[in-house]
Amino acid sequence: MSIFYGSGLIVLLIQIACAWHVYRTGRPMLWILPIIFVPLLGCGFYVLFEILPEYVNGASARRFADNVTSVADPGRAYREKKRQVALVGSAQAKRELADECIKRGRFQDAIELYESAMAAGFADDPAFLHGLARAKLLAGEGAAAQALFEKLKEADPAAFYADAELDYARSMELQGKDAEALAQYEKVVPTYPGEEARCRYGLLLKKLGQNDRAKAVFREIVESVRGAPAFYRRSQREWASIARSNL
C-alpha cells in the first residue's frame, strides 16, 4: 500500500510542477488538461515537446556550454563560433555567433549576423526573430525591436512568452511609450520566472513618480528572494540588490 501511495504522490508532484511551469512560462493553457486528466502521458508529452526542445536548443543549454569553456579560455567560444561561420556559413552558425556577440556587447555585429541568416530563408523563424529583436533592443533601436516582437507574436504566438514578453515591454519603454510599457510589464510580471520583470516594473513606476507603488513592488522582490532557496537567491542577486537600493 505504501508503494502505491508513494508512486501516487510522485505523480501528483510531477503534475503540479508541470502545471506550474505552464503557468509561469506562459505556455498554452490547453496543456493543463492532459497534465491533469492523463498525468503520465500528459506530463511526458509536455516535457518532450515543450521543455526539452527549449533546453537542448535554447539559451539555457548554450549558456551552460559556453560557461564551461569560458572558465579556461574566455575567448574560445567566440573564436570557435566565428570559425564555424567561416567554414560552414549556415544560418544556425550565424545565430550562435550572434548570441555570442550579444554577450560581448557587440550588438551591431549581432544584428548583421541575424539579418544575414534570416535572408537565407529564416525571416519568419521565431528563434531568429527573437534574437534579432533582442539585438535591436540592446543596440537602442526601440522601434525596430518593437516591430520585430510584434512580428514574432504574429508568426508564432506560442513563442511569444516570458523573455520575449519582457523584452517587448522594454522596447516600448526605450521609446518613451511609458503607458504601453507599464501595461505590458503588468501583464508579464505574474508569469515571469524571476524578479527581473518585477524589478523593471518597479523602476518604471518610480520614474513615473508613483513612488508608493514602486516601493511596494521592491518590497515584494526583497521578501520573495529572502524566503527562497539558495540557488534562487544567487540567480536573482542583481535584481534583489536593485530593489533594496530603491527602498
Worksheet item: For Val189, all conditions in the list (1) assigned by TED's automatic domain parsing to the domain that holds Arg233; (2) aliphatic (A, V, I, L, M); (3) part of a loop (DSSP other than H, G, I, E, B) hold save one; what is the number of the exception?
Response: (3)
Item to complete: Using the structure shown, decide if Tyr201 is of a type in the set (Ser, Thr, Tyr), surrounded by 20 or more Cβ atoms within 10 Å (Cβ to Cβ) and part of a helix (DSSP H, G or I).
Response: yes
Worksheet entry | Given (1) surrounded by 15 or more Cβ atoms within 10 Å (Cβ to Cβ); (2) over 27 Å from Met172 (Cα atoms), index of the condition Ala86 fails | (1)
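Is it fair to say Ala119 is at pLDDT 90 or above and surrounded by fewer than 18 Cβ atoms within 10 Å (Cβ to Cβ)? So that I can check it myself, show each step before the final result.
Values: at pLDDT 90 or above: no; surrounded by fewer than 18 Cβ atoms within 10 Å (Cβ to Cβ): yes.
Spelling it out, it is not the case that Ala119 is at pLDDT 90 or above and surrounded by fewer than 18 Cβ atoms within 10 Å (Cβ to Cβ).
Here are some residues: Asp163, Asp125. Which one is over 26 Å from Leu204 (Cα atoms) and within 20 Å of the chain's Cα centre (by Cα)?
Answer to the check: Asp125.
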Practice prompt. Considering each of Ala164, Ala143 in turn, give the residue that is at pLDDT 95 or above and assigned to a helix (DSSP H, G or I).
Written response: Ala143
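Kindly indicate which of Ala214, Ala169, Ala197, Ala181 is farther than 22 Å from Phe107 by Cβ and outside the structural domain of Glu115 (by TED's automatic domain parsing).
Values: Ala169 fails: farther than 22 Å from Phe107 by Cβ; Ala197 fails: farther than 22 Å from Phe107 by Cβ; Ala181 fails: farther than 22 Å from Phe107 by Cβ.
Result: Ala214 is the single residue among Ala214, Ala169, Ala197, Ala181 that is farther than 22 Å from Phe107 by Cβ and outside the structural domain of Glu115 (by TED's automatic domain parsing).
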Worksheet item: Does the stretch 1-39 hold any residues that are assigned to a helix (DSSP H, G or I), at pLDDT below 80, out of contact with any Pro (no Cβ under 7 Å at 6 or more places or on another chain) and over 29 Å from Asp163 (Cβ atoms), and which are they?
Response: Ser2, Ile3, Phe4, Tyr5, Gly6, Ser7, Gly8, Leu9, Ile10
Worksheet item: Does the stretch 218-234 contain at least one residue that is over 27 Å from Trp20 (Cβ atoms) and either without any contact (Cβ under 8 Å) to a residue 12 or more places away in the chain or in the same structural domain as Val22 (by TED's automatic domain parsing) (or both)?
Response: no
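Farther than 26 Å from Ala143 by Cα, crowded, with 22+ Cβ neighbours inside 10 Å and free of Cβ contacts under 8 Å to residues at least 60 places away in the same chain: is that true of Ala243 in this structure? If you could, list the steps in order and put the result at the bottom.
Working: farther than 26 Å from Ala143 by Cα: yes; crowded, with 22+ Cβ neighbours inside 10 Å: yes; free of Cβ contacts under 8 Å to residues at least 60 places away in the same chain: yes.
It is true that Ala243 is farther than 26 Å from Ala143 by Cα, crowded, with 22+ Cβ neighbours inside 10 Å and free of Cβ contacts under 8 Å to residues at least 60 places away in the same chain.
The values are calculated or read from the model by the stated rules, or taken from the named source; none is laboratory data. Note that the structure is predicted; figures quoted are calculated from it, not measured. Glycine also receives a Cβ, built like all others from the backbone with ideal geometry; neighbour counts cover every protein chain displayed.
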